[in-house]
Amino acid sequence: TTVAALALSAGAALAEGETIGFSQIGSESGWRAAETTLTRSQAEERGYQLQFSDAQQRQENQIAAIRSFVAQGVDAILLAPVVATGWDSVLQEAAEAEIPVVLLDRQVDSADDLYLTAVGSDLVHEGEVAGQWLVDEVAGEPCRIVELQGTTGSSPAIDRKTGFENAIAGHDNLEIVRSQTADFTRARGKEVMESFLQAEGGGADICALYAHNDDMAVGAIQAIKEAGLAPGTDILVVSIDAVPDIFQAIAAGEANATVELTPNMAGPAFDALEAYWADGTMPEKFIQTESKLYTAADDPQGEYDRRKDLGY
Ligand code: AHR
């Protein structure tokens, strides 16, 4: 038996029965629901007690949940932070109690010594991948774009906007003509797209929709259809997440491209925690997940089925 193997088995024994507090944002999207499901199943498989707290989109609920986890003396805290700012004090409290905090899927503006690690994608890169897809797709033709932003102040809304703008910069044929938040939800995506279509004289001159997540795109697709236009052809649709419903839309020709964000953030988070508990191994400050582009050429029906089988 090697020293490494001994350390591993000690870590596994230590990890059994650990209590993890999870402050989740809410259930605004299909992606969020999948992340919650996978976190619960990962915790169960590893024999952890998961204390789940749904913040219903409110930072103050997340702060209260973290304080309660600290008071209970949990072994670690997972935090999916709804917005990027305002975390310093509560993260400091967790650090003083020596409870490791792992950020999931969104970033914070706080100093990185206030948390153990962050698991997530490069959110600027996701926007760049989406924007580059559109640059290539329109191939120099003029294109008026409408943009549905995620939750105001959240790192994915800020960074996905920046990334997309980076990609289209210098391509004068592409222009964002309307941009507004729709809170990452399907219902708001539909409403805001309706207002875009109305403001744009029915929408005949809109060439593309960029949505910061698939759910808003799915809502917007409905609005486009109700306005008598064909999503996917009259108005190109590109978004982010790669949830099952967008693959259905891509298979039906009603959406064109999506950038995958894995909902399995808990797997890498728990691996990092287990190594830390075992022998104090400090993970990298950022554990990056992949951002793969999918289009109609990538077997959308198969991708839909595969995700359904995984329990999305
Ligand atoms: O933070 C990740 C984003 O949050 C997902 O892209 C979106 O669907 C979710 O609500």
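Where a number appears in this text, it was derived from the coordinates with a stated rule and is not lab data. A quick note: this is a predicted structure, and the numbers were derived from the prediction, not measured. Don't worry about glycine lacking a Cβ; one is built from the backbone with ideal geometry, like all the others, and counts go over all protein chains shown.
Things to note:
- For the chain, the spread of Cα positions along the three principal axes, ordered from largest to smallest, is 64, 40, 33 Å.
- Within the chain, longest stretch free of exposed trypsin sites (Lys or Arg not before Pro) [DSSP loop, at most 15 other beta carbons within 10 Å]: 59-284
- Where only C-alpha atoms are counted, convex hull volume of the stretch 122-206 per residue in Å³: 87 Å³
- Over the stretch 187-293, the pair-distance histogram of Cα-Cα distances with 10 Å bins from zero comes to 15, 37, 20, 14, 10, 4, 0 percent, rounded to whole numbers.
- Per residue, the convex hull volume that the Cα atoms of the stretch 1-160 enclose (Å³): 155 Å³
- Karplus-derived 3J(HN,Hα) values for the stretch 296-312, using 6.51 cos²θ - 1.76 cosθ + 1.60 with θ = phi - 60°, are 4, 7, 10, 6, x, 5, x, 5, 4, 4, 4, 5, 4, 5, 7, x, 5 Hz; glycine and proline are entered as x.
- Here the Gaussian network model covers the chain, with springs between Cα atoms less than 10 Å apart; of Pro268, Pro244, Pro142, Pro142 fluctuates the most.
- Kirkwood Rh, Cα atoms: Rg over Rh of the stretch 66-107: 0.94
- Scattering curve values for the stretch 89-132, log₁₀ I(q)/I(0), Debye with Cα scatterers, q = 0.27, 0.31 Å⁻¹: -0.94, -1.10
- Rounded to the nearest 0.05, the FRET efficiency derived from the C-beta distance between Gln49 and Glu137 at R0 = 45 Å is 0.40.
- Inter-label distance, Glu284 to Gln56: 3.9 nm, where each label sits 7 Å from its Cα along the C-beta direction.
- Model label zone, Thr85; criterion: amide N under 16 Å from point 7 Å along Cα-to-beta-carbon; scope the stretch 157-187: 157-159
- Where a label projected 7 Å from the Cα of Thr295 along Cα→Cβ would reach, residues of the stretch 210-231 with amide N under 17 Å: 210-211
- Estimated purely from DSSP H runs of n ≥ 4, each contributing -39500 (n - 2.57), the mean residue ellipticity at 222 nm for the chain is -14500 deg cm²/dmol once divided by its residues.
- Relative contact order of the stretch 89-153, pairs being alpha-carbon contacts under 8 Å that are 6 or more residues apart, as %: 23 percent
- Simple label model, 7 Å out from Cα along Cβ direction - Lys308 to Asp172, nm: 4.9 nm
- Mean separation of Cα pairs under 8 Å and 6 or more residues apart, divided by the residue count, gives the stretch 165-302 a relative contact order of 19 percent.
- Shape category assigned to the stretch 163-215 from the gyration tensor of Cα positions, a/c cut at 1.5: oblate
- For the chain, the longest principal axis of the Cα atoms and the long axis of helix 123-138 meet at an angle of about 20 degrees.
- Given 13 as the ceiling on other Cβ atoms within 10 Å, longest exposed-site-free region of the chain for GluC sites (Glu not before Pro) in DSSP loops: 99-283
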